[in-house]
Amino acid sequence: MLFADLNSKSIKNEIAATLATFAAIALIVLFAPKITENYRQRSIFTQEFASGRVLEIIENNIEEDPFVDGRFTGNQKIRVKINEGTYAGQTFNSTNTLGSLRSAVAYEGLEAVFAIRLDKNGEPAVWLYNYKRTTHVYLLAFIFAALVLFIGRFKGLRSLLALLFTGAVLLYIVVPGMWMPHPRLIAFSSLALICAVSFILIAGFSKKALTASCGTLAGVLIAGLLAFIFGKIMNLSGVDMEKGESLLYLAQNRNFKITSLLFVSIVISCLGATMDIAVSIASSAEQLRKANPLLTAKEHLASVMAVGKDIIGTMTNTLILAFCGSSLPLAMMIWGYHMDYMQFMNIPRIVIAVLQALAGSIGMAASVVLTALLSVFIFRREDKKFTA
């Protein structure tokens, strides 16, 4: 059963927290856009995007790309039908040009996304923009949600709810907040809210949730401050990040503090791993205290730190590998072009990747120590406000 992992004393509190989170998500989705819309730039796109179907391949002049497996070059003349939007139900002839960087091959019956723009004569021009991948994304999300619910039951439901809340806050508050005054404060406050809600949903109103939240925020703040300080020292900013140049053009017309981008991106990227570490340390402290209430504070701390050492060894490696994975094409370019060490180690984008990995790892290591200290202190107190 869905509620099999709950006892009678906690059901009401857990259901109340769940319903409150549902309500919070709804309020964020409904009202946040109305508040942030004034800070949003007017759309620069003049084309319309709509789903459609390829009815016929009129002419096919394509061949396999000699450099990229599974891709084609050349062009196709196709006839398509638009299924939605302004031109729903209308058919158009179009030319689909293929290359190494863009290779959406058309075939009869293909459901795809089409771009429509008025040409200089005011007539709609249609071209195949990309494959329609949303159906497969939804299927994968459904499999993930079903697996989490099957394994976790009501805890799985709360985990999914925490994920939805995180997504709502990031998309509707943090991202628009980057265009508002004080983006660092908005971002960190939002992450603190995410942290608190996630731990309450997962661990309830408990000492474990309190200590994990405090340890997480401390570690993330340390990582963000290191990124900010060393970013200043090394003359790095959000402009040097991927797509930073494009944001710079938008910043010229808006009050966008692009210098905040590096700080915010690093605190977001290391939040998940730091939360994982903090809750593991807090859970270990809780279970050790329950298993042996006679442990002295020194013994308790030493035992928790022994667990922390094992966790930090793998989690730091995980974070660095994640950052390296995202920079793999850049690393391949460095190797392929025989770039000199002094050349590539001073490229801003590479230095930012190193800064992200090291600042995040330092923040996680600090989170282990701070969560351990706080856990031992809190779990040894007889505080009636929390249930261990």
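In this structure, Ile78 qualifies as touching a strand residue (DSSP E or B) at 6+ places or on another chain (Cβ under 7 Å), assigned to a strand (DSSP E or B) and open to solvent by less than 40 Å² (accessible area, probe 1.4 Å). As for region 16-29, it holds no residue that is over 30 Å from Leu201 (Cβ atoms) and not in a loop (DSSP other than H, G, I, E, B).
Looking only at residues of region 55-70 that are hydrophobic (A, V, I, L, M, F, W, C) and either open to solvent by 90 Å² or more (accessible area, probe 1.4 Å) or modelled with pLDDT of 90 or more (or both), we find that the one that is nearest to Ala106 (Cα to Cα) is Ile57. Inclusion of Ser190 among residues that are of a type in the set (Ser, Thr, Tyr) and either modelled with pLDDT of 90 or more or touching a strand residue (DSSP E or B) at 6+ places or on another chain (Cβ under 8 Å) (or both) is warranted.
Restricting attention to region 109-146, the residues being in a helix (DSSP H, G or I) and closer than 24 Å to Leu98 by Cβ number 4. Checked against the criterion of being open to solvent by 90 Å² or more (accessible area, probe 1.4 Å) and out of contact with any His (no Cβ under 9 Å at 6 or more places or on another chain), the candidates Met332, Met339 yield just one match: Met332. Within region 90-127, the residues that satisfy the criterion of being within 18 Å of Thr46 (Cβ to Cβ) and in contact with a Ser or Thr (Cβ under 9 Å, 6 or more places away or on another chain) are Val113, Phe114, Ile116, Arg117, Leu118, Pro124, Ala125, Val126, Trp127.
Of note, Thr259 satisfies the criterion of being among the β-branched types (Val, Ile, Thr), over 27 Å from Phe199 (Cα atoms), modelled with pLDDT under 70 and part of a helix (DSSP H, G or I).
Annotation note: of Ala291, Ala297, Ala306, Ala365, the sole residue that is surrounded by 14 or more Cβ atoms within 10 Å (Cβ to Cβ) and either among the polar types (S, T, N, Q) or at negative phi (or both) is Ala365. No other residue among Gly52, Gly122, Gly89, Gly70 is at positive phi and under 36 Å from the mean Cα position of the chain (by Cα) apart from Gly70.
Among the criteria (1) more than 24 Å from Arg71 (Cα to Cα); (2) in a loop (DSSP other than H, G, I, E, B); (3) in contact (Cβ under 8 Å) with a residue 40 or more places away in the chain; (4) not acidic (Asp, Glu), the one Ser159 does not fulfil is (2). For region 186-200, indicate whether the set of residues that are touching a residue at least 12 places away in the same chain (Cβ under 8 Å) and more than 25 Å from Ser269 (Cβ to Cβ) is non-empty. For region 186-200, residues touching a residue at least 12 places away in the same chain (Cβ under 8 Å) and more than 25 Å from Ser269 (Cβ to Cβ): absent.
Considering region 91-107, the residues that are at pLDDT 90 or above and within 12 Å of Arg53 (Cβ to Cβ) include one that is most open to solvent (accessible area, probe 1.4 Å), namely Thr91.
Among the residues making up region 120-135, those that are under 19 Å from Val80 (Cα atoms) and open to solvent by 60 Å² or more (accessible area, probe 1.4 Å) are Glu123, Trp127, Tyr129, Tyr131, Lys132, Arg133. Considering (1) within 16 Å of Ala112 (Cα to Cα); (2) open to solvent by less than 80 Å² (accessible area, probe 1.4 Å); (3) polar (S, T, N, Q), the lone condition that Thr73 does not fulfil carries the number (1).
The residues listed here are Gly177, Gly204, Gly167; of these, the one that is more than 15 Å from Thr36 (Cα to Cα) and either polar (S, T, N, Q) or open to solvent by less than 20 Å² (accessible area, probe 1.4 Å) (or both) is Gly204. Taking every residue in region 343-369 that is in contact (Cβ under 8 Å) with a residue 24 or more places away in the chain and among the hydroxyl-bearing types (Ser, Thr, Tyr) and pairing it with any residue that is in a helix (DSSP H, G or I) and open to solvent by 20 Å² or more (accessible area, probe 1.4 Å), at least 6 positions away or on another chain, the pairs with Cβ-Cβ distances below 7 Å are Ser361/Thr316; Ser361/Ile320; Ser367/Ala218. For region 81-117, residues that are in contact with a strand residue (DSSP E or B) (Cβ under 7 Å, 6 or more places away or on another chain) and among the basic types (Lys, Arg) total 2.
The values are calculated or read from the model by the stated rules, or taken from the named source; none is laboratory data. Being a predicted model, the structure only gives us computed values, none of them experimental. So basically every Cβ, Gly included, is an ideal-geometry build from the backbone, and we count neighbours across all protein chains shown. Surface accessibility is based on the protein's heavy atoms, side chains included, excluding ligands, DNA and RNA. Shrake-Rupley method; radii C 1.70, N 1.55, O 1.52, S 1.80 Å.
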